[in-house]
Amino acid sequence: MISMKVKGMGAYKAGANGDATCLDLFNRPLMPTFKGQLTAIVQSLEKNGTIIFEASAKGLKTSKLFIQVY
């Protein structure tokens, strides 16, 4: 399971893993990967600044992505 968080000038909108049999809700920021992959959709708040996207999973190092919004 991958846990996703968005801070700053953005909001988490959806996640998808490409598995047609997965019944997890798209709008929950917690989802299993499918064949090791997962897609997240983040929306800007239409303000200048930085979106900080954070993904974490048990046994793995937390990863952060910084996205500049202009």
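Points to keep in mind about this one:
- A run of the chain free of exposed loop cleavage sites, with trypsin sites (Lys or Arg not before Pro) counted only in DSSP states other than H, G, I, E and B and at most 10 other beta carbons within 10 Å, reaches its longest extent at 1-34.
- Dividing the Cα radius of gyration of the chain by 2.2 N^0.38 Å, with N the residue count, gives 1.14.
- For the chain, the relative contact order works out to 39 percent when only alpha carbon pairs closer than 8 Å and six or more residues apart are counted.
- Neighbour counting of Cβ atoms within 10 Å sorts the residues 70, 12, fewest neighbours leading, into 70, 12.
Just so you know, all these numbers are worked out from the coordinates, no wet-lab data involved. No experiment lies behind these values; they were computed from the predicted model shown. As a convention, Cβ positions derive from the backbone with ideal geometry for all residues, glycine included, and neighbour counts pool all protein chains shown.
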